[in-house]
Amino acid sequence: REYAKKHSMNIEEAGRELRYLFLKEVAKKINANKIALGHNLTDQAETFLMRIIRGTGLTGLGGIYPVKEGILIRPLVEIEKEEIETYLMERRVPFCIDRSNLDSRFLRNRIRIELLPFLKKRFSRKIISHIGKLSELIREEEELIEEIAENELKKIETEKDGIYGLDYRKLEKYPVALKRRILR
């Protein structure tokens, strides 16, 4: 709570940031070059819906990336949570569920407990895999758009006496979406 308050973020964000900092410290201590996280396809769908509700752009709709910062990997991100739990139960592998995941005060948990089951029951049993596929397509297209924007930026960059800028006349000619991406 102190960290969240100090950094002007909600408690969920603060918890995630502190977990990642801790994991990176441990990885450095043991000389690990990858940290495998347990995010799954159900988490992906929750993230997608949460970002729609909070408001986001295409990058946000890409959801949980399978690899982040080169060190964080998510080998289970294409498998639904139910499938993972079934696998573990069939093999009598013990696992725990964080009780805070059942606290409906948090948006992600309301999506997990109320919205996703509603969508599965009333609209499509495959909603989680459909959202996962859509997030994957968005990530792939985001990568392409980012590459195009970087290439176009190189064409309109200016530099004089160590002062960098953009040729506004050239920037003006781009479609709005590409202008926005170049400026970002």
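Coordinate-derived values only; no laboratory data. Predicted model, so just to flag it, every value in this text is computed and none were measured. A quick note on method: Cβ atoms are made from the backbone with ideal geometry, for glycine too, and the neighbour counts reach across all protein chains shown.
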*Would you mind checking the stretch 136-159 for residues with the amide N under 20 Å from a putative spin-label position 7 Å along Cα→C-beta of LYS170?*
145-159
*Where in the stretch 8-84 are there trypsin sites (Lys or Arg not before Pro) that are in a DSSP coil and have at most 10 other Cβ atoms within 10 angstrom of their Cβ?*
none
*Lysine pair number, Cα distance threshold 25 Å (strictly under), the stretch 127-184, separation 8 or more or different chains*: 10
*trypsin sites (Lys or Arg not before Pro) restricted to DSSP loop in the stretch 148-181 with at most 14 other C-beta within 10 Å*: LYS173
*asked:* Quick check on the chain: helices-only [θ] at 222 nm, where DSSP H runs of length 4 and up contribute -39,500 (n - 2.57) each and the sum goes over total residues. Nearest 500, please.
replied: -17000 deg cm²/dmol
*Which of rounded, prolate, oblate describes the stretch 5-92, given a ≥ b ≥ c as roots of the alpha-carbon gyration tensor eigenvalues and a/c under 1.5 marking rounded, otherwise prolate only if a/b is larger than b/c?*
oblate
*Taking Cα centroids, how far is the stretch 32-75 from the stretch 104-170 in Å?*
11 Å
_So the label point goes 7 Å from the Cα of ILE71 along Cα→C-beta, right? Which residues of the stretch 1-24 then have their backbone N under 20 Å from it?_
13-24
*With an 8 Å cut-off on Cα pairs and a minimum separation of 6 or more residues, tell me the relative contact order of the chain in percent.*
20 percent
*Can you tell me the relative contact order of the stretch 104-170? Whole percent, Cα pairs under 8 Å, sequence separation 6 or more.*
12 percent
_For the pair GLU13/GLU90, report the inter-label distance in nm, with labels modelled 7 Å from Cα in the Cβ direction._
4.1 nm
*The list (i) 1.05; (ii) 0.96; (iii) 1.12 gives values of Rg/Rh (Cα atoms, Kirkwood Rh), and only one came from this structure; which label was calculated from it?*
(i)
*Name the shape class, rounded, prolate or oblate, that the alpha-carbon gyration tensor gives for the stretch 45-126, where a ≥ b ≥ c are the square roots of its eigenvalues, rounded holds for a/c under 1.5, and otherwise prolate holds if a/b is larger than b/c and oblate otherwise.*
oblate
*To the nearest 20 debye, what is the magnitude of the charge dipole of the chain about its Cα centre, counting +1 on the Cβ of each Lys and Arg and -1 on the Cβ of each Asp and Glu?*
560 debye
_Antiparallel DSSP beta bridges within the chain, as percent of all bridges there, nearest 5_ = 75 percent
*List the residues whose amide H sits under 5 Å from the amide H of ILE35, counting only those 5 or more places along or on another chain, with H placed 1.01 Å from N in the peptide plane.*
LEU72, ILE73
*In the stretch 76-160, which chymotrypsin sites (Phe, Trp or Tyr not before Pro) are in a loop and have at most 12 other Cβ atoms within 10 Å, using DSSP for the loop call?*
PHE95, PHE123
*Which net charge results for the neighbourhood of LYS179, defined as the other residues with beta-carbon distances under 12 angstrom from its beta-carbon, given Lys and Arg at +1 and Asp and Glu at -1?*
+3
